[in-house]
Ligand SMILES: [Zn+2]
């Protein structure tokens, strides 16, 4: 059971995950992506945990700041091979690569296995680039399908509908709602847990009615997805991990 809590430090705040375990002491760790994890004994109450975090605030902030300067390395170095695993809706999918005579690649997906059939005469570099390209194309298509499927659940509560739904390659954002009510999503969101995908969908849907991030906007988000705060936090801390990386 993981709880998420935030303590306010005036000019900044620390959000942390509390994991209650069968242990006697408190352990704090800061992950490279900024995720703060506090492992505590089952019975320890929140006030005490907060006090401990407060005492350690300088150390935690320092590590988070230090980590911010670390740019996540591109995990796809120079090869993608059969057996490599990637994320889809926060679950792993396995890649299988088959060399074929034909020039044009083919792709199929079932039971969490993504089969890629690719020309056997490509050089190592060409094959790597080609597979990457095929993967991104497949993810984009998948993302659009999933988003279009999931959005229906929320559309029925809205008077104003999106004019169009698209996916594209964004470096730092998860979605946009244009002034003419088109929703564009970052295809990488498809790697996140389904609830996080829903949060991003709801976020952009709410922008159709309220273009800014005012209280009115967040109220709208909450009315469509009451539990949105946890997903927002998840994305804040794990967003950077959602990329074409071998898991
Ligand atoms: Zn927004």
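The values are calculated or read from the model by the stated rules, or taken from the named source; none is laboratory data. Computed from a predicted model, the values in this text were never measured in an experiment. All Cβ positions, even for glycine, are placed from backbone atoms using ideal geometry, and neighbour counts span all protein chains on display.
Tabulated values for the structure
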| read-out | value |
| --- | --- |
| Hey, residue 194 surrounded by 16 or more Cβ atoms within 10 Å (Cβ to Cβ) and farther than 27 Å from residue 78 by Cα or not | no |
| Selection count where residues are within 13 Å of the chain's Cα centre (by Cα) and within 11 Å of the ligand (Cβ to nearest atom), scope region 200-247 | 2 |
| Residue in region 118-127 that is surrounded by 17 or more Cβ atoms within 10 Å (Cβ to Cβ), at pLDDT 95 or above, touching a helix residue (DSSP H, G or I) at 6+ places or on another chain (Cβ under 9 Å) and under 26 Å from residue 196 (Cβ atoms) present | no |
| Of all residues in region 178-190 being within 16 Å of the ligand (Cβ to nearest atom) and closer than 16 Å to residue 148 by Cβ, the one that is surrounded by the most Cβ atoms within 10 Å (Cβ to Cβ) | 185 |
| For residue 42: the one exception among (1) more than 23 Å from residue 236 (Cα to Cα); (2) surrounded by 11 or more Cβ atoms within 10 Å (Cβ to Cβ) | (2) |
